[in-house]
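S.K.: The structure under discussion is supplied below as C-alpha cells; questions concerning it will follow.
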Amino acid sequence: LISGKAQAEGGSARTSLLILVSIFLSAAFLMFLVYKNFPQLSEEERECIKVPRDMDDAKALGKVLSKYKDTFYVQVLVAYFATYVFLQTFAIPGSIFLSILSGFLYPFPLALFLVCLCSGLGASFCYMLSYLVGRPVVYRYLTEKAVKWSEQVERHREHLINYIIFLRITPFLPNWFINITSPVINVPLKVFFIGTFLGVAPPSFVAIKAGTTLYQLTTAGEAVSWNSVFVLMILAILSILPAVFQKKLKQKFE
C-alpha cells in the first residue's frame, strides 16, 4: 500500500517541502517573539542564549537562565518550553541538553513533567506536520523503512501504546523517524501522544538527574551510566511484556 502511494504521491514532495519551510519560518518568527519578551541581557549573556550543541553551551545557558529564573520565572519557563517544543517539532538536535538543563533549573517533579510534556507535544506537532504535508516526503524517500515499520505496527496493533513506549525507551528507531512515519502508517494521535509522554520519562529521568550536577559534566554521554542503561533495559522489557503475555495466552486458548 505504501509503496503504491510512493509512486502516486511522490511528485508532490517538492510542494510539501515548500509548505514545510513556510511553517518552519512562521514558527521561527514566533520563537523570535518569545525571546523579544525575555529580560534585558548583557552582550555576553546574549551570546549564551542559543540552542546548546555541547555541554559547554549547556553550562553557559544554564548560568544565564538560573540568574533570571527567580525574577522572571514565567518568561524563562515559557522560553524553555517553547524552545523544547520547537526543537522536537522540527526534529532539530539539542533537546537532550535541554533535558539535562531542566534538572539544573527546576525541581525534579516539575522538570520531569516539563520534559515529558514538551516531548509529547513536540512529537505530536511533528506527527501533525507529517500528516498534513509530510506524506509525499515519506512515500518518496522513506518508503522501504516505512513499509517495514508498518508491518511491525500491525503486529503490535492491539498493544500500540506499549510498543510506542518501548520504542521511545530503546534506540532501535530514531525519534524523528517515528514522528514522521506514524501518521502515514495510521498510528492514532492519542496513542502516539500517550506512548511518547510515558516512553520518554525513563530516559528523561536519567538526563534530569544528571542535570543536578551540570557543572561536573563535560559531555552529554556522561549523563548516562551503566546503571542507568541497565534500568532503561529493564523498563523497556517491562513495557512490552503485557503484549507478549497476552499473545502467548491467546495462542494457548486458540
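The values are calculated or read from the model by the stated rules, or taken from the named source; none is laboratory data. Just so it is clear, the model here is predicted, and its values are computed rather than measured. No Cβ is skipped: glycine too gets one built from the backbone with ideal geometry, and neighbour counts run over all protein chains shown.
S.K.: Tell me, which helices (runs of 4 or more DSSP H) lie completely within the stretch 8-85 with 3 or more residues that are under 17 Å from Leu129 (Cα atoms)?
M.R.: Working: elements: 13-36, 43-48, 55-69.
Those helices (runs of 4 or more DSSP H) span 13-36.
S.K.: If you don't mind, another one. Here are some residues: Thr89, Thr83. Which one is in contact (Cβ under 8 Å) with a residue 60 or more places away in the chain and closer than 18 Å to Leu33 by Cα?
M.R.: Thr89
S.K.: Just to be sure, is Ser119 in contact with a Lys or Arg (Cβ under 9 Å, 6 or more places away or on another chain), closer than 29 Å to Ile194 by Cβ and surrounded by 16 or more Cβ atoms within 10 Å (Cβ to Cβ)?
M.R.: So Ser119 fits the description; yes.
S.K.: I would also like to ask the following. Could you grab me the full set of residues in the stretch 145-186 that are polar (S, T, N, Q) and under 16 Å from Ser119 (Cα atoms)? Step through it out loud before you land on a result.
M.R.: Of all residues in the stretch 145-186, those polar (S, T, N, Q) come to 150, 152, 162, 170, 175, 179, 181-182, 186.
Matches in the stretch 145-186: Thr170, Asn175, Asn179, Ser182.
S.K.: Here's a follow-up. Taking the stretch 188-203 as the region of interest, how many residues are surrounded by 23 or more Cβ atoms within 10 Å (Cβ to Cβ) and assigned to a loop (DSSP other than H, G, I, E, B)?
M.R.: Residues flagged as surrounded by 23 or more Cβ atoms within 10 Å (Cβ to Cβ) and assigned to a loop (DSSP other than H, G, I, E, B) within the stretch 188-203 amount to 1.
S.K.: Counting just the residues of the stretch 206-219 that are surrounded by 13 or more Cβ atoms within 10 Å (Cβ to Cβ) and either more than 16 Å from Pro171 (Cα to Cα) or hydroxyl-bearing (Ser, Thr, Tyr) (or both), which one comes out modelled with the highest pLDDT?
M.R.: Initially, the stretch 206-219 is screened for residues surrounded by 13 or more Cβ atoms within 10 Å (Cβ to Cβ), giving 206-211, 213-214, 217.
Filter once more, so that each one left must be either more than 16 Å from Pro171 (Cα to Cα) or hydroxyl-bearing (Ser, Thr, Tyr) (or both): 208-211, 213-214, 217.
Values: Ile208: 86, Lys209: 82, Ala210: 78, Gly211: 77, Thr213: 71, Leu214: 67, Leu217: 51.
Checked the stretch 206-219; the qualifying residue modelled with the highest pLDDT is Ile208.
S.K.: Could you run through the stretch 48-72 and say how many residues are acidic (Asp, Glu) and either at pLDDT 90 or above or surrounded by 15 or more Cβ atoms within 10 Å (Cβ to Cβ) (or both)?
M.R.: The qualifying residues number 1.
S.K.: Might you let me know whether the stretch 193-200 holds any residue that is under 17 Å from the mean Cα position of the chain (by Cα) and within 22 Å of Asp54 (Cα to Cα)?
M.R.: yes
S.K.: If the Cβ limit is 7 Å and pairs must be 6+ apart or interchain, which residue in the stretch 158-173 that is farther than 20 Å from Ala91 by Cα pairs with which residue that is among the β-branched types (Val, Ile, Thr) and surrounded by 20 or more Cβ atoms within 10 Å (Cβ to Cβ)?
M.R.: The qualifying pairs are Leu160/Val187.
S.K.: Just the residues that are closer than 30 Å to Ile19 by Cβ, of a type outside the set (Gly, Ala, Ser) and either assigned to a loop (DSSP other than H, G, I, E, B) or modelled with pLDDT of 75 or more (or both), please, taken from the stretch 139-162.
M.R.: Initially, the stretch 139-162 is screened for residues closer than 30 Å to Ile19 by Cβ, giving 139-154, 160.
From the residues that got through so far, the ones that are of a type outside the set (Gly, Ala, Ser) too are 139-145, 147-149, 151-154, 160.
Passing the criteria: Leu142, Glu144, Lys145, Val147, Lys148, Trp149, Glu151, Gln152, Val153, Glu154, Leu160.
S.K.: Cβ-Cβ below 8 Å, separation at least six or inter-chain, first residue in the stretch 39-64 and free of Cβ contacts under 8 Å to residues at least 40 places away in the same chain and under 25 Å from Ala91 (Cβ atoms), second of a type in the set (Phe, Trp, Tyr) and part of a helix (DSSP H, G or I): which pairs?
M.R.: Ile49/Tyr35
S.K.: Would you tally the residues in the stretch 95-131 being touching a Pro at 6+ places or on another chain (Cβ under 6 Å) and closer than 28 Å to Ile19 by Cα?
M.R.: Of the stretch 95-131, the ones touching a Pro at 6+ places or on another chain (Cβ under 6 Å) are 97, 127, 130-131.
Subset that is closer than 28 Å to Ile19 by Cα: 127, 130-131.
Residues meeting the conditions: 3.
S.K.: Follow-up question, since we're still on this one. One residue is enough: does the stretch 14-24 have a residue meeting the conditions of a type in the set (D, E, K, R), surrounded by 14 or more Cβ atoms within 10 Å (Cβ to Cβ) and at pLDDT below 90?
M.R.: Checked against the condition, which is being of a type in the set (D, E, K, R), surrounded by 14 or more Cβ atoms within 10 Å (Cβ to Cβ) and at pLDDT below 90, the stretch 14-24 yields no hits at all.
S.K.: Another question about this same structure. Could you list all residues from the stretch 28-43 that are at pLDDT 90 or above and exposed (fewer than 13 other Cβ atoms within 10 Å of the Cβ)?
M.R.: Hits for the stretch 28-43 are Ala28, Phe29, Leu30, Phe32, Leu33.
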